[in-house]
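The values are calculated or read from the model by the stated rules, or taken from the named source; none is laboratory data. Not measured: the values here are computed from a predicted model. Methodologically, a virtual Cβ is constructed for each residue, glycine included, from the backbone with ideal geometry; neighbour enumeration extends over all protein chains shown. The area values use the complete protein model at the heavy-atom level, side chains included, leaving out ligands, DNA and RNA. Shrake-Rupley method; radii C 1.70, N 1.55, O 1.52, S 1.80 Å.
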Amino acid sequence: MSVRPSRRTAAVIGGVAAALLLAACGSSSSGGDSSASATNTDPACADYAAYGSHPNTTVTVFTSILPPEQQKFESAWAQFEKCTGIKVKYEGSDQFEAQLPTRIAGGNAPDIAFIPQPGLLSKLVSQGGPKAAPDGVSANMDKWNAQWKAYGTVDGTFYAAPLGSNMKSLVWYSPKVFTAKGYKVPTTWAEMMTLSDKMASDGMKPWCGGIESGGATGWPATDWLEQVVLGTQGGDVYDQWIAHTVKFDSPQITKAMDTVAGWMKNPKYVNAGFGDVKTIATTAFQDAGKPILTGKCGMLQQASFYAAQWPSFKKDAVISDSGDVFAFYLPQQSDSVPTPIVGGGEFVTAFSDKSEVQAFQTYLSSSLFASNKVKLGGWVSANSGVDLSLYQDPISKLSAEYLTKSDATFRFDASDLMPAAVGAGAEWKQLTAWFATDQSTQTTLQNIDAAWPSS
């Protein structure tokens, strides 16, 4: 769905590898960020020489990403098309996840699909659909935090490189209000809680929040829990939680819920501009940050894509580190878990190993493509080969600064990786009840565990 892009919502290749691609269209290895003599004499094609010449060929792309973002993608690979002779045919659908398996089963699979979550990739692999990624794609992955490649790997085979990325570990605030009040952006979790207490003593509710989202009500609460589980328990426990070898009603997750309760269910802290703690369940997530602009609320934990909401509150809202609103990284909670980051993104998956498909697949995993796309604005890549100066807005740049850290403890949104009956069902429903009716933590967690599929 649009509010949650993940749920709906480049290495240098050696001259030998590039030469092989140019000489043998049937090769299983495609060039990437390497340079080679251009087959097209246009000087603008020098950067695309490694992808070879594929005149009069077409590569089909199927995705859930719709206009106006479609036009930006098409612009980002227009020069690739011109220089390689490959025509890319783009098809977007808001029924992508339902239609893709049907098309595959019917023998009408696209050449490439942008998969919005690793769980779907694993399911498709179990059904025998995707092709293993070519060598050029694998080589390009050294520009990414290693966890991204792990999410594109199933049973030891690498299938899918990441495409775009989104950053969930952000806190929105008003720099103007902070300056006027003498508040400083916290750099540790303890500092953030001390600041929360200071705001509360000053008569300001430090936190606002909303988890109402129609049929998806509850999803922002899953993000809050994920931030704390990763930040306090680390990546291994987070992964075991997703696999249900660590259950919801375990000491680790119960402890994380207690931390969330002291933060987002604390009556001294919430819910600024809307009412008491229970109003978090009925406040639309889109509206939750509005009181920040008037100083009624100090902070909101929400993802990078929330940047799109501020103009709806104030038409000329300035998003900058000295403006009406900005964001800071949700601080690290434990010295044993360096730079915890929860995020999401799409994965480029191929259902054909034709040479033109592999060439395009390799281009999409490269720093060249990511840089071309970033320059068009409103998009973030976790590819560290992208110069941060290319970002067109400060939130995208801030997100990229963290997402490109190779030593960060990065993990994908947990609820997107859990079975749908849990991650998009029981967890949403039970966390909503936790806020709306003050349902006990133990009951909430046990009810989620009970919904876990038996097989």
| query | Do any residues in segment 232-250 that are modelled with pLDDT of 95 or more and among the aromatic types (Phe, Trp, Tyr) have Cβ atoms under 6 Å from those of residues that are outside any helix (DSSP H, G or I) and surrounded by 19 or more Cβ atoms within 10 Å (Cβ to Cβ), where the two are at least six apart or on different chains, and which pairs are they? | reply | 238/411
| said: Quick check on residue 376: is it at pLDDT 95 or above, in contact with a Ser or Thr (Cβ under 9 Å, 6 or more places away or on another chain) and open to solvent by 10 Å² or more (accessible area, probe 1.4 Å)? | reply: yes
| Quick one: what pairs do we get from segment 253-265, first residue closer than 13 Å to residue 193 by Cβ and open to solvent by 30 Å² or more (accessible area, probe 1.4 Å), second part of a helix (DSSP H, G or I) and among the aliphatic types (A, V, I, L, M), C-beta under 7 Å, 6+ apart or different chains? | 259/228
| request: Kindly indicate which of 136, 129 is modelled with pLDDT of 95 or more and over 21 Å from the mean Cα position of the chain (by Cα). | output: 136
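Just to check your reading of the model, which residue among 323, 289, 275 is closer than 21 Å to residue 206 by Cα, in contact with a strand residue (DSSP E or B) (Cβ under 7 Å, 6 or more places away or on another chain) and modelled with pLDDT of 95 or more? Talk me through it step by step, then tell me what you get.
Values: 323 fails: in contact with a strand residue (DSSP E or B) (Cβ under 7 Å, 6 or more places away or on another chain); 275 fails: in contact with a strand residue (DSSP E or B) (Cβ under 7 Å, 6 or more places away or on another chain).
When all the criteria are applied, what remains is 289.
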| message | Taking the criterion of being open to solvent by 10 Å² or more (accessible area, probe 1.4 Å), in contact with a Leu (Cβ under 7 Å, 6 or more places away or on another chain) and small (Gly, Ala, Ser), would at least one residue in segment 297-314 satisfy it? | response | yes
| said: Looking at segment 109-124 only, could you name the residues that are within 15 Å of residue 353 (Cβ to Cβ) and either out of contact with any Ser or Thr (no Cβ under 6 Å at 6 or more places or on another chain) or open to solvent by 10 Å² or more (accessible area, probe 1.4 Å) (or both)? | reply: 109, 111, 112
| query | Which residue pairs have Cβ atoms closer than 9 Å, lie 6 or more positions apart in sequence or on different chains, and pair a first residue in segment 174-197 that is under 21 Å from residue 307 (Cα atoms) and at pLDDT 95 or above with a second residue that is of a type in the set (Lys, Arg) and open to solvent by 80 Å² or more (accessible area, probe 1.4 Å)? | reply | 178/184
| Selection status of residue 446, in contact with an Asp or Glu (Cβ under 6 Å, 6 or more places away or on another chain) and not hydroxyl-bearing (Ser, Thr, Tyr) | yes
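For segment 125-234, which strands (runs of 3 or more DSSP E) that fit wholly inside it have 1 or more residues that are open to solvent by 10 Å² or more (accessible area, probe 1.4 Å) and touching a helix residue (DSSP H, G or I) at 6+ places or on another chain (Cβ under 7 Å)? Outline the logic, then answer.
Working: elements: 161-167, 170-173, 205-207.
So the answer is 161-167, 170-173.
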| field | Filtered residue count, segment 337-359, keeping only those that are more than 17 Å from residue 138 (Cα to Cα) and open to solvent by less than 20 Å² (accessible area, probe 1.4 Å) | value | 7
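Give the residue, chosen from 389, 334, 384, 322, that is open to solvent by 10 Å² or more (accessible area, probe 1.4 Å) and either charged (D, E, K, R) or in a helix (DSSP H, G or I) (or both). First the steps, then the outcome.
Working: 334 fails: either charged (D, E, K, R) or in a helix (DSSP H, G or I) (or both); 384 fails: either charged (D, E, K, R) or in a helix (DSSP H, G or I) (or both); 322 fails: either charged (D, E, K, R) or in a helix (DSSP H, G or I) (or both).
Criteria check complete, one pass: 389.
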